[in-house]
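As C-alpha cells, the structure follows; a few thoughts come after it.
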Amino acid sequence: DTGVSQNPRHKITKRGQNVTFRCDPISEHNRLYWYRQTLGQGPEFLTYFQNEAQLEKSRLLSDRFSAERPKGSFSTLEIQRTEQGDSAMYLCASSPLGSTEAFFGQGTRLTVV
Amino acid sequence: AQTVTQSQPEMSVQEAETVTLSCTYDTSESDYYLFWYKQPPSRQMILVIRQEAYKQQNATENRFSVNFQKAAKSFSLKISDSQLGDAAMYFCAYPDSGYALNFGKGTSLLVTP
C-alpha cells in the first residue's frame, strides 16, 4: 500500500504525558500537512511542510505542540503535557508539488484521560 | 481566515435517488480551487471532486457533479443514483493561505435502501 500511513492508529494517554505520532507520506510527495479533527467538526489545519521546511503553522499549534520532518520524508507530531482538550483525531496529508489534491492518512485518534 | 459553511448537518437519501449537499464560502480571491471530500466511517478522507474558479463549466466525476455559483460563492455537490457506499461525512473545503485547506463542519449523508 503506497498511501499515507499514520501510526499509531489509536493512543490513550494520561493527562500530562507526552505523545508522539508519526506520518509517512506518499513517496516523493514534497508537501505534508497535519490537521486536527474533533467530533462533529471538520479538520482544522495545524502545520505544513514543504520538504523538510516547516512553512506554515496555525495559531492552534500551541507551544506544547511541535512537528518535524527530518530529511523531508516522514513527519512526527509531538504533544507535550497533554490536556483533555487535546483529545481528537490527528490527520496527516501529503501532496506533490504543483498538485491541488491532498491525500489523507487514516489518522491517529488520541484520547487523553 | 476564509470561512466555509455547510448548513446541513445531516441529509438522507434513498438508494438510486439524487441528493444535493450545500456549501457556501467567503473569499476575496478571484482564482482558487474548491473541493468536496468524503470521509467514510473509520476510513481516510478522499477527494470526491474539485472545481477551478476560473472555469465556468461545472465539474463532473461520474455520479458526482457540482453547481458552482461564483458570484453567490456557492458550491453544492450533487450525487446522482445514490449508492449505499456513498454514506459518509462530506466536507466542502477551500484552500486558505498557502495550501492549507479550510474545511466546513461537514454533512453526514445517510443512504437508505
Looking at the stretch A:89-113 only, could you name the residues that are within 14 Å of chain B (Cβ to nearest Cβ), under 20 Å from B:SER42 (Cβ atoms) and assigned to a strand (DSSP E or B)?
A:MET89, A:TYR90, A:LEU91, A:CYS92, A:ALA93, A:PHE103, A:PHE104, A:THR108, A:ARG109
Among the residues in the stretch A:76-87, are any in contact (Cβ under 8 Å) with a residue 12 or more places away in the chain, open to solvent by 50 Å² or more (accessible area, probe 1.4 Å) and within 13 Å of chain B (Cβ to nearest Cβ)?
no
Residue that is nearest to B:PHE35 (Cα to Cα), among those in the stretch A:39-72 that are in a helix (DSSP H, G or I) and not charged (D, E, K, R)
A:GLY72
If B:SER82 satisfies all but one of (1) in a loop (DSSP other than H, G, I, E, B); (2) surrounded by fewer than 17 Cβ atoms within 10 Å (Cβ to Cβ); (3) in contact (Cβ under 8 Å) with a residue 12 or more places away in the chain, what's the number of the condition it fails?
(2)
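Residues are listed down the side, and each one gets a yes or a no for (1) within 14 Å of chain A (Cβ to nearest Cβ); (2) open to solvent by 50 Å² or more (accessible area, probe 1.4 Å); (3) touching an Asp or Glu at 6+ places or on another chain (Cβ under 9 Å); (4) within 20 Å of A:SER99 (Cα to Cα):
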{"residue": "B:LYS55", "(1), (2), (3), (4)": "yes, yes, no, yes"}
{"residue": "B:SER65", "(1), (2), (3), (4)": "no, no, no, no"}
{"residue": "B:PHE75", "(1), (2), (3), (4)": "no, no, no, no"}
{"residue": "B:PHE103", "(1), (2), (3), (4)": "yes, no, yes, yes"}
{"residue": "B:PRO113", "(1), (2), (3), (4)": "no, yes, yes, no"}
A careful count of residues in the stretch A:36-73 that are away from chain B (no Cβ under 12 Å) and in contact with a Lys or Arg (Cβ under 6 Å, 6 or more places away or on another chain) gives 2
Are there any pairs, at least 6 apart or on different chains, whose C-beta atoms fall under 9 Å, with the first in the stretch A:36-56 and free of Cβ contacts under 8 Å to residues at least 24 places away in the same chain and of a type in the set (Lys, Arg) and the second part of a strand (DSSP E or B) and open to solvent by less than 70 Å² (accessible area, probe 1.4 Å), and if so, which?
none
From the residues in the stretch A:4-45 that are out of contact with any helix residue (DSSP H, G or I) (no Cβ under 7 Å at 6 or more places or on another chain) and among the basic types (Lys, Arg), which one is nearest to B:CYS92 (Cα to Cα)?
A:ARG36
Among all residue pairs at least 6 apart or on different chains, which show Cβ distances below 6 Å where the first residue, located in the stretch A:1-16, is part of a strand (DSSP E or B) and the second is open to solvent by 100 Å² or more (accessible area, probe 1.4 Å) and not acidic (Asp, Glu)?
A:HIS10/A:ARG109
Among the residues of the stretch B:10-49, count how many are more than 28 Å from A:GLN6 (Cα to Cα) and either buried (at least 19 other Cβ atoms within 10 Å of the Cβ) or not aromatic (Phe, Trp, Tyr) (or both).
22
For the stretch B:16-45, what are the residues that are within 11 Å of another protein chain (Cβ to nearest Cβ), in contact (Cβ under 8 Å) with a residue 60 or more places away in the chain and out of contact with any Ser or Thr (no Cβ under 8 Å at 6 or more places or on another chain)?
B:TYR32, B:LEU34, B:TYR37, B:GLN39
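The values are calculated or read from the model by the stated rules, or taken from the named source; none is laboratory data. These figures come from a predicted structure and were not determined experimentally. Backbone-built Cβ (ideal geometry, glycine too); neighbour counts: all protein chains shown. For the accessible areas, the whole protein counts, side chains as well, though only heavy atoms, and no ligand, DNA or RNA atoms are used. Shrake-Rupley method; radii C 1.70, N 1.55, O 1.52, S 1.80 Å.
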